[in-house]
Amino acid sequence: MALLTLGLGAFVVVALTRKNIYAGSALSLGQYVEPYDVVHSNTADARKFDEQYSPPDNVWTNAIALANNVINPAMSWLTTQSNIAFDLVVDSWYRAPRTNEAVGGEDDSDHLNGSAVDLKLFSGSTLRNELLVRAILASGASFDQLILENGTDSQPAWIHVSYDATKTYSQQRNEILRYNGSSYTEKSRSWAENLYL
Ligand SMILES: [Zn+2]
C-alpha cells in the first residue's frame, strides 16, 4: 500500500510539473485552450511515452493555426450567443507516433502533427457537441476536416476538427464527415446547416 501511494504521488508530481512547464509557455493559442491541452495524453502517461511531451516545433505551429482559425472563432461566437457557461474539453490533440498507435489512430492521422483535435463541449455535465458544431459553422471558421464522431447525427460523441496550416484560410477543404463507428460518410455543408443551425 505504501508503495502504491508513493507511486501515485510520483505520478501526480510528474503530471503537475508538466502542466506547469506548458502553462508557462508563451504560445498564442488564445483563451479557450492551453499548451498543456495540445500535448496531454492519458494513454501516453499510462504507458510512459515521454516523447509525447516533446513534440517537434511544427506541432506548435499547426496547433496555433488550428486554435486561431477554428477553436477561437467558434468559441467566441458561442459566448456572444449565450450566457450559459460552457466547458470545452480537449480529448486528444497532438499524438506522438506511439501514442497514436496505442489509441488505434490511422497511420496518416492529422493528430500526428498537431493539426487535428478531438473536442467535446459540456454545459455542466450535459454534452452539447451540437452547439460546438453550430458554432464552428456559424462563426464562418474554415477547416480542413470536421468529423462528427460516433454518438448520433444530432449529438456526436465528440468532434474531430483539423486545419491545414500549409494552406491559406480560403484554401481549406471544409470537408464534413460523419463517422458512425464503422464507416465515414461525406456530408454537404447544407446537410450540416439544416441539422445544426
Ligand atoms: Zn481525431
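Read-outs: derived from the displayed coordinates by stated rules, not from any lab. Note that this is a predicted model, so its numbers are computed, not measured. Cβ sites come from the backbone with ideal geometry, for glycine too, and all protein chains shown count toward neighbours.
For the reader, a short list of remarks on this structure follows.
- Think of each Lys and Arg Cβ as +1 and each Asp and Glu Cβ as -1; about the Cα centre, that makes the dipole of the range 113-197 roughly 120 debye.
- Scattering from the range 17-162 was approximated by placing one identical point on each alpha carbon and applying the Debye formula without solvent; log10 I(q)/I(0) at 0.08 1/Å stands at -0.20.
- Taking the Cα centre of the chain as reference, the dipole from Cβ charges on Lys and Arg (+1) and Asp and Glu (-1) amounts to some 360 debye.
- Stretch gain in nm, segment Thr168-Trp191, where the contour uses 0.36 nm per residue and the Cα spacing is subtracted: 5.8 nm
- Selection from Ser182, Thr99, Thr126 lying farthest towards where the dipole of the range 2-196 points positive, charges on Cβ: Thr126
- Long-range lysine pairs (8 or more apart or interchain), the chain, Cα under 29 Å: 6
- Under a Gaussian network description of the chain, with springs only between Cα atoms under 10 Å, the residue in Ser162, Ser142, Ser183 that fluctuates furthest is Ser183.
- Helical content of the chain, expressed as a calculated mean residue ellipticity at 222 nm, amounts to -11500 deg cm²/dmol (DSSP H runs of 4 or more residues, -39,500 (n - 2.57) each, divided by residue number, nearest 500).
- Phi to ³J(HN,Hα) by Karplus 6.51 cos²θ - 1.76 cosθ + 1.60 over the range 75-83, Hz, x for Gly, Pro: 5, 5, 4, 4, 6, 7, 8, 8, 8
- 3J(HN,Hα) along the range 169-182, derived from phi through the Karplus expression 6.51 cos²θ - 1.76 cosθ + 1.60 where θ = phi - 60°, amounts to 4, 7, 8, 4, 6, 6, 7, 10, 10, 10, 10, 9, x, 9 Hz, with x in place of Gly and Pro.
- Under the criterion of Cα pairs below 8 Å and six or more residues apart, the relative contact order for the range 2-196 equals 18 percent.
- Convex hull volume per residue, computed on the Cα atoms of the range 21-99, equals 97 Å³.
- Fluctuation leader among Val117, Val103, Val133 - the chain, Gaussian network, Cα springs under 10 angstrom: Val103
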